[in-house]
Every structure is written in C-alpha cells, then in structure tokens.
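The values are calculated or read from the model by the stated rules, or taken from the named source; none is laboratory data. What you are looking at is a predicted structure, and each value in this text was computed from that prediction instead of being measured. Here the Cβ positions follow ideal geometry from the backbone for every residue, glycine too, while neighbour counts run over all protein chains shown.
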Amino acid sequence: MGADIRFPHLGISIDSLGKSISIGGFSIAYYGIIIAIGMIAGFFMASWQAKRLGQDKEVMLDLALWDIIFAIIGARLYYVLFSWDYYSENPAEIINIRGGGMAIYGGVIAGVITTFVFAKVRRLSFWELTDAACVGLLVGQIFGRWGNFFNREAFGGYTDNLLAMQIKRSQVRMGDLNTDIMRHLVENDGIAYIQVHPTFLYESLWNLGVLVVILLYTKKRKFKGQLFLIYLFGYGLGRAWIEGLRTDQLKLFGTPLAVSQLLSIALVIVSGIILLFKWWKLLWEKLKVILLKK
C-alpha cells in the first residue's frame, strides 16, 4: 500500500505510522503521549537548570504543576480563539483535544502569566524563575512538535529541498492543503503524496539550537531574566520564519495575517530592545568604573 511518510532525498521511508495505540480497548493518541513525555522531560531539565542557578528544585516542582495545567488550557484556548469560525458552529469540539488543536504560543502566554502570579504569591523573583523554566519550556517544545509529525499536521508548502517530506494525500486534512501543494502531487506505487516542508522538524531543530545557546551561556549570565529574554528572542526569530512556511496558520480576525507570526516578530523586537538596553547599561557601568579610576 506504499509508505505512509517518505523523505525521498534522504532515502527514508516509514511504511506504517499510526496516530494512536489501543490499550484495553481505549485509544491513546501518540500526540498526547509525546506531549506528556515533553512535559516530564521539560520539568527535569528546568529542575537541573534551577540547580545550576542556585535555586530550590522543590520550588520548580511546585511551579511546574501549575504551569503545566494552565499551559494546556492556554494552548487550547489560543487555538480555539483563532479558529472560532469552526468552533462557534461546533462547540462540543472545543474540549476535544485528542486529535490536536493546541497552539504553543497559547501555552507559553499562559505559562508566563502563571509564573508571574506564582512569583508574586511566593515572593520570588519572576525573572529568576523564568531563567530556569525557559529551558524546560524549550525541551517541551522540541518534543511537542513531533506530535504534529504523528498527526500529519503543521507542515509547510511545497518544496523539493533536501528535507522535503512526502505524506499520503489521503492522510492529510483538506484544509491544510493549498493549490501549490496540489499542483505538485507526487505519485508513488499508484498512491498520491503531497511533498512539503517538514516545519515541525525545522522548529524542533531550531529550538534545540536555542536550548544549546542558553545552556552554554548560563554561567555567563549578567542579570536575572537574561536567559529568558534570549529564549524569547531566539524562539521568536525562528518561529517568525517557520510560521511563514506553514499552510495551517491561525489568522488574525478578519485579516490574512498570521497571528503567531506577528506575535513572533513582536517578541523579537521587544526582547531585542531590552537585551540591547541591558547590554548598553552594563557597558556604561564598566566605562564609568574605568573613567573613575583614571
């Protein structure tokens, strides 16, 4: 019947890739399993980072419990909000998250708000907490994108580059396709495939790079919140590019503008300005010390 997914230029072919497993007659989506693994791995990474920064790991556990709950809610609400044309007519589907429909930015926003409230209640430094939590968030995002792979979603338009991915046309939602993809359908063993950018893979690899940068820079941190700002800048920069490739963009109400791309650009600008301001302030302080010595 032909491979479910192929990477023709890499010589990789996956003959059978299911979307779920059945345990005791109950179907569990791989998407959910991967998200759960990402959350667990993210917690352990954030705890390890907290220790490196001299923070209490128990505090990170308390924070993670709240962040995970509200991040899931936020991710779903964000997706539903910017897909309201569909959900307004199918309200029962709002709580059906087993098939996907989670927006990372919604989870990030909810997580940041939760962390801010947590810091206020516990009288802790919000910026100190986010410097540890951001690496856990990145790990969760790295894993989470592979849930999109199993769901055959979050891909880009047609491409013939080295990483081009082919998916059986029959396994893809019609709403995720565009005319350019349909013009470049590929037939293999009598089966129609779409050939697209594996944007889930791009983002996963990009996030891995941002994670490495933050981990390497941790011991050189100059001020609280610097690592979190680097995360916002780095993630926003990659997402702004990758979001532009995707065919399933969530649009700003009544416009052709991709809301996550706009948010990414805003994050890059704001975090970049703050980082530059902090860098200039630190440089000025050093210059003043030098000038006073003279």
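Points worth noting:
- Within segment 242-278, the residues that satisfy the criterion of being more than 21 Å from ASN148 (Cβ to Cβ) and not hydrophobic (A, V, I, L, M, F, W, C) are GLY254, THR255, PRO256, SER271, GLY272, LYS278.
- Elements of type strands (runs of 3 or more DSSP E) contained in segment 1-74, each with 1 or more residues being buried (at least 16 other Cβ atoms within 10 Å of the Cβ) and not β-branched (Val, Ile, Thr): 5-7, 20-23, 26-29
- For segment 219-263, filtering for residues that are farther than 15 Å from LEU137 by Cβ and either outside any helix (DSSP H, G or I) or of a type outside the set (A, V, I, L, M, F, W, C) (or both) leaves 25.
- The single condition from (1) exposed (fewer than 14 other Cβ atoms within 10 Å of the Cβ); (2) modelled with pLDDT of 95 or more that LEU201 fails is (1).
- Looking across segment 142-196, the residues that are assigned to a loop (DSSP other than H, G, I, E, B), within 29 Å of GLY234 (Cβ to Cβ) and of a type in the set (A, V, I, L, M, F, W, C) come down to ALA154, PHE155, LEU162, LEU163, ALA164.
- Screening ASP85 against (1) closer than 29 Å to ALA258 by Cβ; (2) free of Cβ contacts under 8 Å to residues at least 24 places away in the same chain; (3) touching a Ser or Thr at 6+ places or on another chain (Cβ under 8 Å); (4) not hydroxyl-bearing (Ser, Thr, Tyr) leaves a single unmet condition, (3).
- Segment 35-54: number of residues that are under 24 Å from ARG221 (Cα atoms) and of a type in the set (A, V, I, L, M, F, W, C): 8
- The set of residues from segment 26-85 being farther than 22 Å from PHE150 by Cβ and hydroxyl-bearing (Ser, Thr, Tyr) comprises just one member, SER47.
- ASP176 meets each of the listed conditions (1) among the charged types (D, E, K, R); (2) over 21 Å from GLU243 (Cα atoms); (3) touching a residue at least 40 places away in the same chain (Cβ under 8 Å) apart from (2).
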